[in-house]
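Here the structure comes first, spelled out in structure tokens, and everything after it is commentary.
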Amino acid sequence: MEIDVIQCEVRRIHPLIPAAPPDLLIRYRRVIRDIFRSSFVGPKSKRRRGTDRCLRSLPAVLRGTKVARYRAIPVASRVRDGPPYPSSPVVDGHRSNRRQPLFAAPVTSSPMRSVAEYGASGDGTNDDRGAIQAAVDDAHEAGGDRVYLPAGEYRVDGPITHRSRVHLVGDGMGPTTIRAEGKGFAALEGFGEPDEPLTDLAVEQLTVDASGVPGGESYDPGEKCLYYQHVRRCRIVGVHAYGSAATGIGTDMLVDSLVQGCVAEDCGRNFDAARDGLNIGSNGIGIGTGLAADAEPVVVANCHARGNSNNGIMFENQATGERAREYHAGHLLVYGCTAIGNRVGFRTSADRRVRFANCSAHANEKDGIVIDEKGEMGLEISPPPFSAREHRIDGCHVTENGGHGVHVTEADESAAIDVSTSQISANGGAGIRIATGERIADVAVANCRVFDNGGPGIVFADGGVDFRVSDSDVSDNGRDGATPEIRFGESAVRVTVSGCHISGAPNSQAPGITFATGHDSVMIVGNQFHGCTPLEADEPPAVVRDNAGFRTETAGRAEAVGDGETTEFVLPHELDVAPSVRNVWAESDAATGFHVTTADEEAIVVAFAEPPDADSQLRWGFELRR
């Protein structure tokens with residue numbers, strides 16, 4: 001284990017040092033570690049002197065070329081036409097010396113192959129497809145290698161076919177541009193098979209401009225900037241996808257893969273919702289799932305989707321029919337991404353374990369974040385695929401979208417959907433809308449700020465089981481003055497609203513929380529209401545306590561004597577308005593077994609299934625709030 005650690009430190013100092021004999025590694029381990037430390041600590045001049053001094057004390061087999069990490073320029077890159085550090089990202093025009101991320105595609109330590117050596121001009125006028133393809137093919141036949149595209153504009157009149165273990169790397173977005181000219185193709189493509197996927201390929205630090213592929217009269221999924229299918233361990237890093245007729249970065253059935261630091265802009269030019277009737281395709285970044293494995297881990301991190309004709313970033317479950325019962329797409333993460341000015345910001349139809357974390361959906365034409373399934377996208381699927389389950393949205397900003405902020409249009413009684421620590425504001429529709437057309441279960445909203453939306457702050461439109469809204473600020477929603485802050489549809493069961501600040505919009509006459517008929521096991525506990533009628537429900541919730549902000553309240557007692565015939569009794573109160581919350585309890589044994597039938601501005605009416613016995617003493621206590 002110690003040898004492995006020391007060897008790793010040696011290779012971090014100089015990536016091209018060959019594997020060293022173990023006995024030398026052990027003998028010089030202290031010097032190696034001193035080099036490692038001196039390369040990072042202290043002023044630059046001091047680091048250089050310390051590193052050079054340590055290097056001189058090493059034998060030649062360990063010293064290799066006298067290049068320390070702070071220089072990060074392997075000798076091979078001086079001899080061949082290549083970038084200073086092949087797999088390091090470009091930040092603000094300067095190349096970072098940070099080591100490669102974990103998802104690095106394995107390649108050989110041989111020098112990179114520059115496409116210039118194969119005849120590519122990079123002048124934007126000649127067709128460089130043949131030269132680039134020859135470099136890719138040679139790298140693949142050699143067992144895997146890096147193919148370097150120096151700064152320039154590479155016109156391609158047909159697709160470049162990516163192959164396993166080949167790493168395409170440019171000099172950054174903009175300086176290195178692949179420009180597609182022609183009809184009906186993707187600039188970069190690679191297609192594996194379910195039982196023989198492509199593996200360990202990567203594309204980094206370049207722009208793919210597909211605006212020269214005009215698109216046809218109907219949607220063609222092949223007219224992308226990047227188009228990959230059935231790939232394992234794929235890296236797409238620092239790629240700018242621009243102007244495609246279809247999706248910008250379009251992949252299907254990725255496994256153990258990473259899309260990082262990419263920009264998808266003005267893609268999906270050929271999308272027509274009225275013509276195609278679909279909510280899929282023509283995305284900025286679109287990842288098809290559900291055909292490769294039970295779990296298809298993919299991370300999309302620090303990417304930006306702007307001005308795309310359909311979805312900014314989307315996961316699409318492609319399993320249909322009986323196959324949908326066997327394959328469950330999931331384990332997908334979108335982290336630190338933005339979606340601005342698209343038709344929809346983020347959309348997922350993947351049915352298992354999708355998480356949106358620290359993302360921003362802003363000023364999209366319709367919804368900010370959508371969770372649905374393919375039946376909601378205009379496709380007839382029979383039998384339907386599994387519903388969305390175990391989805392999480394946390395730490396997100398969802399603002400100023402034309403439709404709803406967060407919109408769940410499909411899920412079932414095993415949903416387990418969480419929305420937490422997010423700001424959802426100034427959207428045209430509801431802040432959070434759960435409207436699946438059927439009963440949904442296990443939905444939680446916690447520690448959110450939901451305000452200034454055109455519709456309700458939070459709405460559970462179709463009822464369901466196990467809803468929780470906790471520790472959130474839901475305020476100033478409903479611009480029409482008649483929309484509640486939180487609304488529950490029919491047959492909402494096992495509902496808890498606790499620890500929330502609920503405030504009505506200015507001049508609003510709407511209540512803070514409303515319930516339709518058929519609710520059961522409802523707790524409204526520990527909330528603060530301001531500027532609104534706290535609660536409106538045909539039947540009072542089971543538990544209402546420790547809330548602040550009810551406009552008026554009263555408590556009292558009432559008595560009656562049974563006559564053996566009467567089943568209804570009137571309990572007068574002094575509230576002067578119809579109570580929205582009424583807690584009534586029996587204070588004598590004879591008064592048990594009743595239910596409240598009506599309550600108005602003067603009295604409560606309670607009723608028994610069977611008339612109480614004659615001369616029985618009936619006593620009740622009650623608390624009423626408005």
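Here the extension length gained between Arg468 and Asn447 equals 6.4 nm, from 0.36 nm per residue of separation less the Cα-Cα distance. When nucleic acids and ligands are ignored and a 1.4 Å probe is applied, Glu193 ends up with an accessible area of around 100 Å².
With the simple model of a label 7 Å out from the Cα in the direction of the Cβ, Ser414 to Glu610 spans 4.5 nm.
Under a 5 Å amide H cut-off, with hydrogens placed 1.01 Å from N, Ala186 pairs with Lys224 among residues at least 5 apart or on other chains. Packing here is the average count of other Cβ atoms within 10 Å per residue, and on that basis the peptides 230-236, 597-603, highest first, run 230-236, 597-603. Per-residue Karplus couplings for segment 233-248, computed as 6.51 cos²θ - 1.76 cosθ + 1.60 with θ equal to phi - 60°, are listed in order as 6, 10, 10, 10, 10, x, 10, 9, 9, 9, x, 6, 6, 9, 5, x Hz, Gly and Pro entered as x. Given R0 = 56 Å, the distance between the Cβ atoms of Glu601 and Asp157 translates into a calculated FRET efficiency of 0.10.
For segment 132-241, applying the loop criterion from DSSP together with a ceiling of 11 other beta carbons within 10 Å to the GluC sites (Glu not before Pro) yields Glu217. Spin-label model, Glu490/Thr567: points 7 Å from Cα along the beta carbon direction are separated by 2.5 nm.
Which length gain, in nm to one decimal place, applies between Glu536 and Ser521 when the Cα-Cα distance is subtracted from 0.36 nm times their residue separation?
Values: separation 15, 0.36 × 15 = 5.40 nm, distance 1.57 nm.
Going from the current span to full extension adds 3.8 nm.
Rounded if a/c is under 1.5, else prolate if a/b beats b/c, else oblate: with a ≥ b ≥ c from the C-alpha gyration tensor eigenvalues square-rooted, which is segment 111-177? The shape class here is prolate.
Distance between the 7 Å Cα→Cβ label points at Thr592 and Asp127: 9.1 nm.
Which net charge results for the neighbourhood of Gln617, defined as the other residues with beta-carbon distances under 11 angstrom from its beta-carbon, given Lys and Arg at +1 and Asp and Glu at -1? Numbers along the way, then the final one.
Values: positive: Arg619; negative: Glu559, Glu587, Asp589, Asp613, Asp615.
That works out to -4.
Once you reduce segment 431-502 and segment 150-228 to the center of their Cα atoms, the two points are 44 Å from each other. Heavy-atom accessible area for Tyr242, with the other protein chains in place and a 1.4 Å probe, reaches approximately 80 Å².
The values are calculated or read from the model by the stated rules, or taken from the named source; none is laboratory data. Keep in mind that what you see is a predicted model, and the values were worked out from it rather than measured. Neighbour counts run over all protein chains shown; Cβ positions are idealised from the backbone, glycine included. Just so you know, the surface numbers come from the protein's heavy atoms only, side chains and all, with ligands and any DNA or RNA stripped out. Shrake-Rupley method; radii C 1.70, N 1.55, O 1.52, S 1.80 Å.
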